[in-house]
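*Asks:* There's a structure below that I have some questions on.
What follows draws every value from the coordinates through simple rules; no lab data is involved. From a predicted model like this one, the values you see are computed outputs, not experimental measurements. Positions of Cβ are generated from backbone atoms using ideal geometry, with glycine treated the same way; all protein chains shown enter the neighbour counts.
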Amino acid sequence: KQWYQRRVRDIEFNPLYQDMSSIETKIVECLEEIKHWMTSNNLKLNPDKTEALVAQTRNNLSTWSVDSLQLSTSGETIEPSTIVKSLGVLFDEYLTFEDHVNSVIQCCNIHLRNLRVIGSKLNFDLKKQLIHCLIFSKLDYCNGLLYGLPECTIKKLQKVQNSCVRFLFGRRTFRNWESVTPLLKKAHFLPIRQRIDYKIALTVFKCINNIAPGYITKCIKVKEQPLHTLRTDKDYFLLTVPPVSNFKRTERSFSFCGPSVWNCLPYELRTLTDVKIFKNKLKTHLFKKVFHDI
């Protein structure tokens, strides 16, 4: 796995400044070396089960595209897909994650519909445990990838959480047109947007304290202190934020969103070293930040 990740990182190219033949050649070379490594380790690269994804923007769709990738040694062909699944996450060619969000919503609605059947026989605590186990586990899985998505996409997931709150407190507690925000606060549930920030901040904390894997830790860098510093500059727990790119999708990368979320945290949070204490205080900080007017 480490060899595969290192080899993929070595094959870097910019399709805006290269022709399609050179792009396809580099991709095929990468696939050939992966196949050779798998063969030497008694494994097989099955082209029928191998998926390739060409991530691009909507602007350069007509400029370049990859129809198929043919391995030179065996003559087998791998056709790129518009949607691929990796570790349970659906990646589309524009990285909008709309298909992944719709899949998560569909799965959560099925569980919620089944819970409503037995909801009258469950008490409050048991309902809350089932919501965390069956629904929130789906909403929180790899939710760091959803950072920077448009509000219309996040609202779809927020509606699922609002439905969970209505199921938790019952329909007789409030009317259908009333806001569920006070009940979110009463149940101590973080909204979807804050749950994403929570996951990113926790990942950055693990990187700083050498708990996260090395390939993630290399994505962030502690901010260098200038030679002539002021008293307000003596904050040694800030991270370097990369320059703003022209592409919005670049700002969703961990090397950009990680330092951005981390630098917005209070100084007392960024100086902690214990994971459990950091989790509790981070949730309290985000909770007060979103429900301070309620």
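*Asks:* Pull out the extension gain between residue 209 and residue 52, defined as 0.36 nm times the separation in residues minus the alpha carbon to alpha carbon distance; nm, one decimal.
*Replies:* Value of the extension gain: 53.0 nm.
*Asks:* Sequence neighbours fewer than 8 away in the same chain don't count; with that in mind, list the lysines whose C-alpha is under 26 Å from residue 44.
*Replies:* 1, 26, 35, 85
*Asks:* In region 131-160, which residues have a backbone nitrogen under 13 Å from the label point lying 7 Å from residue 94's Cα in the Cα-to-Cβ direction?
*Replies:* 150, 153
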